[in-house]
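**Q** Provided herewith is a single structure, encoded as structure tokens, for subsequent inquiry.
The values are calculated or read from the model by the stated rules, or taken from the named source; none is laboratory data. Since the model is a prediction, treat every value here as computed from it, not as a measurement. Quick reminder, even Gly has a Cβ in these numbers, built from the backbone with ideal geometry, and neighbours come from all protein chains shown.
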Amino acid sequence: MEKQITTNQENSHLGLLCDIGELNALFAGSDDIEAFLQQIVILVAKHINAAVCSIYMFDDASQELVLKATLGLHKRSVNKTRLKIGEGLVGLAVKEGRPICEKMASRSPNYKSFPGINEEAFESFLVIPIQRGLENIGALVVQREETNSFNENDTMALKAITSQLAGAIENSRILMALHAKKKEKKRSLPGVVEDLKFIRGEAASEGIALANITVIDEGKPYQNLKDQTYNKNYTLKEFQNAVAKTEIQLEELQEQVENKLSGVASLIFEAHILMLKDKEFTGAMVKRINHGGNPPDAILAVANKYIRMFSEGLNVYMREKAKDVEDLARRLFDNLIGKEGRFVTNWKGRIVIAEDLFPSDILRLSSDEVSGIILISGGVTSHISILARSLQIPLVIADKMQLKKVPDDTLVLLDAELGAIYVNPDKKLISRYNERKKALDAVSRSKPKINATSFTKDGEQIHLLANINLHLDIKLANDLKSEGIGLYRTEFSFMVRSNFPTEEEQTIIYSSIIGQMPKKSINIRTLDIGGDKVLAYNDNIKENNPNLGMRSIRFSLSHKGLFRQQLRAILRGGENAGDLRITFPMISSIDEFREAKNQLKECLTSLKNESIPHFLTPKIGIMIETPSVIEIIDGLAKEADFFCIGTNDFIQYMLAVDRNNALVSSYFIPHHPSILRSLKKIAKSAIKHKIDLSICGEMAHEEKYIPFLLGIGIRTLSLDSRYIPKVQKKIADLTIDECNNLANKILKKDTVAKVASYL
């Protein structure tokens, strides 16, 4: 009876343990990292009714699991109790990535004893590994006395807890790396500035902007955090006020990001706030101040030290954290110095020039209301460009390395309608800019007339669906009366973050998006990374040709744990969907498609067995992107519920053209005869086997291709929502007979030039 009561108590607390609000309350109430971790173990022990609760974190420098917080064991064991991966029950659980539960821990051959830490009496032992994507973060351990062993419900509850706490604990682990000693490397300084007046580039995201520029140079990440002079000595009290003000600013920024992008960018400024609470970061600054140092000097000295540490990190995820430190130091410095400060703590109203950016960088620039971006690499169809369009940031791509040498604060006119960049524009150009800006603003305020459904002139219905990249795209899709989501690119939920989202986090994202389009068709594509779509926090393997490497479905099937987390999240988030579809990208064989489907079936079975609500009967389809599927298209049509043709990659692979390489961009020809004939073959197979067929990518909204697409039998187009008005208007001017005749004529042409003459 007593055991039954205990189980009921544990179950009653499960909701509290998974409540992010409780985590935030913990986080806000912590004075430093150790206190934060200690409050976690106290909370978990209370809810799970455990005599002992401990957190181990993986230390990259020593490659060991280190006891960082505990309730029930001797305090002197903290930071001293260490295990290698695979050593002891804790190390074994982390190595194998699975929970380990023992009724009598000391009898296990894998048990490792640590004399004097007071764990002998607690034989009942349960360890849950804490992982974030592919990263080992650490482990959560709970222990009870021999007579009170853990059960299946305890394991499930703690798995949910570690999933929810993984992000916060991971950031705490990152701060451990701040305290490691690294050698300082010299950085090269920029060369002589060249005079540039006009640069022609490619328009990647429409808009115009007139603003002063800031150059982001990855070769000198802490260039602005040194060699500063100040007119006064500041006090410790003023420093503490600056810390408090900075924390409030970061919390407000986080709220702004959440309002704009919902769960996609969950806790993006979490690492900043954690560092403010860390006694080895701001604490080191206080120590310098107490020894007579001027607070601005203390900020710069400590920040530069940690930026160098991170820049020399063992993996790309750690190296990316240098940006977090620099951003935090800039904010803290400006809040201390006030009007005398010379740092740019945000990018509001500025045009940023960068050689390359991660999607997470674009997100931060957006949150700071940047006016525009000039990118020195990439392509119009790259995911950076797609993301900029979603965020409505003017973007021009210009292959001019000299742009990095333009002095900060130079006035630049960015015309992302025409792909033009004017450095130090004259009064005449500025006057023309003001006139065009007024005209564009007037157009954006006008609401185009949109019908809920689209028909050709002779009454054939054509379905117009929306491509969705970020949460904010949904509003525009609904405003422009999209019939549903033809392609939700889930990779952006991964790319704009600083770590892998957990199953719980993904579930919230998918549920929110689907909930805003009730009873409509929703097509969710599984993770499509690799090639030009890299995750800043993942140690990407260096590949000679990443577009032909470990990307899309290959990555997912090589990391089945991550894949199943995403599939489960899609099914859970889509519980109340009207028509839920799941698409696997870059399928190249029937065998590969079957393997992906089997993973989905396993997820459906596990959710059913766990009695977790989810969508029961999703339609399963593939992205048509590789040449290999053309000769097996009928076999795939028998296996799939639908096809979605991704023209951007399909053209790239069919013609062997890197779509982001400016040197060969002229060879990227959507109307190449082989492309059009292949599209016809795919459409013919889909019609024959009576499965749905849609087309996405740039071709779906380019008006000159629409008659051909309708002529080969395509009746569903998936496109960025902003193109819906003009595409609907184009469709209304066409008849199916006209489209059929045009398509038949074009398909008989053998050269690009002859096809072009018909378009």
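Here's the yes/no breakdown for (1) farther than 19 Å from Ile706 by Cα; (2) within 21 Å of the chain's Cα centre (by Cα); (3) of a type in the set (D, E, K, R):
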residue: Asn451; (1), (2), (3): no, no, no
residue: Thr456; (1), (2), (3): no, no, no
residue: Leu465; (1), (2), (3): no, no, no
residue: His471; (1), (2), (3): yes, yes, no
residue: Lys475; (1), (2), (3): yes, yes, yes
residue: Asp479; (1), (2), (3): yes, no, yes
residue: Glu483; (1), (2), (3): no, no, yes
residue: Leu487; (1), (2), (3): no, yes, no
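**Q** May I pose another question? Quick check, is Ile137 touching a residue at least 60 places away in the same chain (Cβ under 8 Å), touching a helix residue (DSSP H, G or I) at 6+ places or on another chain (Cβ under 6 Å) and closer than 22 Å to Gln39 by Cβ?
**A** Yes, satisfied.
**Q** Then there's this: Could we say that Asn49 is over 34 Å from the mean Cα position of the chain (by Cα) and outside the structural domain of Phe281 (by TED's automatic domain parsing) here?
**A** yes
**Q** Separate question: Within region 576-599, does at least one residue satisfy the condition of being in the same structural domain as Val629 (by TED's automatic domain parsing) and in contact with a His (Cβ under 8 Å, 6 or more places away or on another chain)?
**A** Looking through region 576-599, none of the residues is in the same structural domain as Val629 (by TED's automatic domain parsing) and in contact with a His (Cβ under 8 Å, 6 or more places away or on another chain).
**Q** Let me ask another. Please go through region 552-574 and pick out each residue that is in contact (Cβ under 8 Å) with a residue 12 or more places away in the chain and polar (S, T, N, Q).
**A** Selection gives Ser552, Ser556, Gln565, Gln566.
**Q** With the structure loaded, tell me whether Ile712 is among the β-branched types (Val, Ile, Thr) and either touching an Asp or Glu at 6+ places or on another chain (Cβ under 7 Å) or more than 19 Å from Ile462 (Cα to Cα) (or both) or whether it fails that test.
**A** Taking the combined requirement at face value, the residue does not satisfy it.
**Q** Sticking with this structure for a sec: Please pick out the residue among Lys237, Lys181, Lys186, Lys159 that is more than 28 Å from the chain's Cα centre (by Cα), modelled with pLDDT of 70 or more and of a type outside the set (Ser, Thr, Tyr).
**A** Every option except Lys237 fails the conditions.
**Q** Read through the list (1) in contact (Cβ under 8 Å) with a residue 12 or more places away in the chain; (2) part of a helix (DSSP H, G or I), then give the number of the only condition that Ser54 fails.
**A** (2)
**Q** For the subset of region 134-148 comprising residues that are among the polar types (S, T, N, Q) and part of a strand (DSSP E or B), which member is modelled with the highest pLDDT?
**A** The selected residue is Gln143.
**Q** For Thr626, indicate whether it is touching a residue at least 24 places away in the same chain (Cβ under 8 Å) and touching a strand residue (DSSP E or B) at 6+ places or on another chain (Cβ under 8 Å).
**A** Against the criterion (touching a residue at least 24 places away in the same chain (Cβ under 8 Å) and touching a strand residue (DSSP E or B) at 6+ places or on another chain (Cβ under 8 Å)), Thr626 does not qualify.
**Q** Of everything in region 701-732, what is without any contact (Cβ under 8 Å) to a residue 60 or more places away in the chain and within 26 Å of the chain's Cα centre (by Cα)? Give them in sequence order.
**A** His701, Tyr723
**Q** In this structure, does Ile587 turn out to be surrounded by fewer than 18 Cβ atoms within 10 Å (Cβ to Cβ), β-branched (Val, Ile, Thr) and part of a loop (DSSP other than H, G, I, E, B)?
**A** No: the conditions fail for Ile587.
**Q** Can you tell me which residue in region 333-358 is modelled with the lowest pLDDT, limited to those that are in a helix (DSSP H, G or I) and either closer than 14 Å to Pro295 by Cβ or touching a Pro at 6+ places or on another chain (Cβ under 6 Å) (or both)?
**A** My answer is Glu340.
**Q** Suppose we filter region 546-560 for residues that are loosely packed, with under 15 Cβ neighbours inside 10 Å and either at pLDDT below 90 or not assigned by TED's automatic domain parsing to the domain that holds Ala656 (or both); how many remain?
**A** 1
**Q** Suppose we filter region 611-638 for residues that are closer than 26 Å to Ile714 by Cβ and touching an Asp or Glu at 6+ places or on another chain (Cβ under 6 Å); how many remain?
**A** 4
The rows are residues; the columns are (1) in contact with an Asp or Glu (Cβ under 9 Å, 6 or more places away or on another chain); (2) touching a residue at least 60 places away in the same chain (Cβ under 8 Å).
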| position | (1), (2) |
| --- | --- |
| Asn576 | no, yes |
| Asp579 | no, yes |
| Ile582 | no, no |
| Ile587 | yes, no |
| Phe593 | yes, no |
| Asn609 | no, no |
